[in-house]
Amino acid sequence: MTISRLGIVGSGIMGSGIAEVAAKAGVDVVLRSRQQATADAMLAGLEKSLAKQVERGKLEETAAKEIASRVTATSALSDLADCDLVLESVVEDLDVKKALFAELDGIVKPGAILATNTSTLPVIEMAMATGRPENVIGVHFFNPAPAMSLVEIIAPMTASEDTVAAVTAFAT
């Protein structure tokens with residue numbers, strides 16, 4: 001499976017950083033925040049970050065515009081339905097994450113991978129909250145994601161080899 005469309009739930013520091021990294025790698029990103037205003041603010045922050053990179057000569061202006069065009073913001077979980085991979089980056093509360101995974105399980109397309117950015121909570125607990133535990137995995141980006149080229153893959157015993165391979169290729 002090739003991951004060409006990434007959904008991110010959570011528009012905080014990690015979510016927005018992961019969105020920037022993925023968009024720079026050529027992946028289309030749908031970033032979901034609970035409120036549209038917060039999602040829109042994340043887009044403005046991304047554009048500001050890219051503009052600074054252009055000013056510093058680290059990025060061409062045309063590339064910055066192309067990167068920004070790959071990221072859309074939404075407040076609706078349903079807008080993640082066509083994503084190949086949905087990565088949550090919400091509050092570090094297992095009950096919140098399990099409820100989110102159960103809800104996403106009913107929204108995203110069959111075969112889509114659900115991932116968590118946590119490095120402290122048991123991924124298998126989130127996997128078991130879904131009807132697709134073979135498609136649930138941990139993908140922990142280190143902070144700040146745009147500056148740290150380090151991603152930890154946490155494969156619970158329920159994750160399929162295909163899921164691990166697809167996420168490893170995506171992270172690479």
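Residues in segment 104-115 include none that are open to solvent by less than 60 Å² (accessible area, probe 1.4 Å) and within 13 Å of Met14 (Cα to Cα). Of the residues screened, Thr116 is one that is β-branched (Val, Ile, Thr) and under 16 Å from the mean Cα position of the chain (by Cα).
Scanning segment 17-35 for residues that are closer than 13 Å to Thr172 by Cα and either β-branched (Val, Ile, Thr) or open to solvent by less than 10 Å² (accessible area, probe 1.4 Å) (or both) returns Val21, Ala22, Val27. Taken as a whole, the condition of being out of contact with any Lys or Arg (no Cβ under 9 Å at 6 or more places or on another chain) and among the β-branched types (Val, Ile, Thr) does not apply to Val91. Every listed requirement among (1) open to solvent by 40 Å² or more (accessible area, probe 1.4 Å); (2) within 19 Å of Val151 (Cβ to Cβ) is met by Asn135 save one, (1). Do we have any residue at all in segment 158-171 that's open to solvent by less than 40 Å² (accessible area, probe 1.4 Å), free of Cβ contacts under 8 Å to residues at least 24 places away in the same chain and within 23 Å of Gly12 (Cα to Cα)? The answer is no, given that none of the residues of segment 158-171 is open to solvent by less than 40 Å² (accessible area, probe 1.4 Å), free of Cβ contacts under 8 Å to residues at least 24 places away in the same chain and within 23 Å of Gly12 (Cα to Cα).
For segment 48-98, filtering for residues that are crowded, with 19+ Cβ neighbours inside 10 Å, small (Gly, Ala, Ser) and within 15 Å of the chain's Cα centre (by Cα) leaves 2. Suppose we keep only residues that are modelled with pLDDT of 95 or more and among the hydrophobic types (A, V, I, L, M, F, W, C) within segment 3-17. Which one would you say is farthest from Thr163 (Cα to Cα)? Here the answer is Val9.
The values are calculated or read from the model by the stated rules, or taken from the named source; none is laboratory data. Because the structure is predicted, anything quoted here is derived from the model rather than measured. Methodologically, a virtual Cβ is constructed for each residue, glycine included, from the backbone with ideal geometry; neighbour enumeration extends over all protein chains shown. We work out accessible area using only protein heavy atoms, side chains counted, and drop any ligands, DNA or RNA first. Shrake-Rupley method; radii C 1.70, N 1.55, O 1.52, S 1.80 Å.
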